[in-house]
1. So which helices (runs of 4 or more DSSP H) stay within segment A:65-150 end to end and still have 3 or more residues that are within 14 Å of another protein chain (Cβ to nearest Cβ)?
2. Just to be sure I understand the filter: pairs with C-beta atoms under 7 Å, separated by 6 or more residues or on different chains, first member in segment B:171-186 and more than 10 Å from chain A (Cβ to nearest Cβ), second member among the polar types (S, T, N, Q) and not in a loop (DSSP other than H, G, I, E, B). Which pairs pass?
3. For residues that are in contact with a helix residue (DSSP H, G or I) (Cβ under 6 Å, 6 or more places away or on another chain) and either at pLDDT below 95 or in a strand (DSSP E or B) (or both), scanning just segment A:153-181, find the one that is farthest from the other protein chains (Cβ to nearest Cβ).
4. Can you confirm whether segment A:104-123 contains a residue that is in contact with a Ser or Thr (Cβ under 6 Å, 6 or more places away or on another chain) and not hydrophobic (A, V, I, L, M, F, W, C)?
5. Collect the residues in segment B:127-151 that are in a loop (DSSP other than H, G, I, E, B) and either closer than 23 Å to A:L163 by Cβ or of a type outside the set (D, E, K, R) (or both), keeping them in residue-number order.
6. Whether any residue in segment A:158-181 is under 28 Å from A:K20 (Cα atoms), in contact with a Leu (Cβ under 8 Å, 6 or more places away or on another chain), crowded, with 20+ Cβ neighbours inside 10 Å and among the polar types (S, T, N, Q) is what I want to check.
7. Given the conditions (1) farther than 30 Å from B:G134 by Cβ; (2) within 14 Å of chain A (Cβ to nearest Cβ); (3) in contact with a Lys or Arg (Cβ under 9 Å, 6 or more places away or on another chain), report the number of the one that B:G14 does not fulfil.
8. From B:L166, B:L160, grab the single residue that is over 22 Å from B:F21 (Cβ atoms) and in contact with a helix residue (DSSP H, G or I) (Cβ under 7 Å, 6 or more places away or on another chain).
Amino acid sequence: MRKLVYAINMTLDGCVDHTKFMPDEETFAYFTQLTRDADTFVYGRITYQLMVPYWPDTAKEDPSDEYAKAFDAVEKIVVFSQSSGSAEDEKTRIVRSGLKDEILKLKQEEGKNIFTGGVNLASQMAALGLIDEYHIVVLPIIAGEGRRLFEGINLEEKLQLKLVESTVFKSGAVVLRYLKK
Amino acid sequence: MRKLVYAINITLDGCVDHTKFMPDEETFKFFTQLTRDTGTFVYGRKTYGLMVPYWPDVAKNPAEQGNIAYEFARAFDAVGQIVVFSESLVSAEGEKTRIVRTGLRDEILKLKQEPGKNISTGGVDLASQLAALGLIDEYYFVVHPIIAGEGRRLFEGINLEEKLQLKLVESTVFKSGAVVLRYLKH
């Protein structure tokens, strides 16, 4: 069965607002590798609109951008959204309901990892116990404001994870990798 | 000049509510060592009320001997001075404790000039003020492998003019999966 991998940049005080900080080179390379290991993205509407068409456009304009290239090479994008609207292209499918069943079905399919980011949808998937692996990149910053990781998550009880790896970047960012317990 | 050290337990989603998780043995030992390196505690009213008289009582109770908490209690009890910043607290336990009503910044700068071991702090409200004033020299975050999904969050309500950039100097992994991240003020 394929695994669902979640990765996000976060400040020390838990802010996940991407406008508050700029990832360093190693963080970009890390996300590039995670993206290469995936062939399906699962996004909510907000994250999807942040990523597309920005990264596919970047891939076309700047062939030397490794992250953009890796992003563009991912074969399938599933967007969970209840508001109307259409997706950019053929590899993208919009799903309106049945998050849990859809993810379980995707996990049964053959292929590389399923990869997700963002806040809202990720909180729902964490609460449903669907995320198999968490990569939290902790930046050495206290933001003092902004949206926080898993804000508004609805847990029946706290979620205990298993730390499997920690990696320090030159910038002082630390990647903490956890598995679902 | 003495340094002001801040240490706190935190979940992955930034919850610092001490009722949401139980520190493991290595975390207890880690806080015990930090406490042994401390000459002065600086607390707000709430954290002070959580720590005193609880820990001094544990330190005096022979039945606690052999528990991991006992060594921490002994180290806590051995710290020579406690300064509590509070506008409402009327009295404090013991001669070594002093209540200060105003002038946080000046008081901390004065404490830093005194000779002795580290100044150490914890908690949420006062620590947020100390961080915003740039008074904390060293930060220890013990990140527990838990998503709490609720509870008070680190530096909630902090009032920063601009984001605070820290310098990572150490990371240590405990068997429990807790990770200690140590930072210096930039």
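1. Values: elements: A:66-73, A:99-108, A:120-127.
Filter on segment A:65-150 gives A:120-127.
2. B:V180/B:S171; B:V180/B:T172
3. The initial filter retains those residues of segment A:153-181 that are in contact with a helix residue (DSSP H, G or I) (Cβ under 6 Å, 6 or more places away or on another chain), namely A:153-155, A:169, A:173.
Filter once more, keeping what is either at pLDDT below 95 or in a strand (DSSP E or B) (or both): A:153-155.
On the way: A:I153: 5, A:N154: 7, A:L155: 3 Å.
Looking at the filtered set, the residue picked out is A:N154.
4. Yes: one or more hits.
5. Filtering segment B:127-151 down to residues in a loop (DSSP other than H, G, I, E, B) leaves B:133-137, B:145, B:148-151.
Those that are in a loop (DSSP other than H, G, I, E, B) and either closer than 23 Å to A:L163 by Cβ or of a type outside the set (D, E, K, R) (or both): B:L133, B:G134, B:L135, B:I136, B:P145, B:A148, B:G149, B:E150, B:G151.
6. No, every residue in segment A:158-181 fails to be under 28 Å from A:K20 (Cα atoms), in contact with a Leu (Cβ under 8 Å, 6 or more places away or on another chain), crowded, with 20+ Cβ neighbours inside 10 Å and among the polar types (S, T, N, Q).
7. Evaluating B:G14 over (1) farther than 30 Å from B:G134 by Cβ; (2) within 14 Å of chain A (Cβ to nearest Cβ); (3) in contact with a Lys or Arg (Cβ under 9 Å, 6 or more places away or on another chain) leaves (1) as the failure.
8. Numbers: B:L166 fails: in contact with a helix residue (DSSP H, G or I) (Cβ under 7 Å, 6 or more places away or on another chain).
The conditions single out B:L160.
The values are calculated or read from the model by the stated rules, or taken from the named source; none is laboratory data. Quantities reported herein were computed from a predicted structural model and do not represent experimental measurements. All Cβ positions, even for glycine, are placed from backbone atoms using ideal geometry, and neighbour counts span all protein chains on display.
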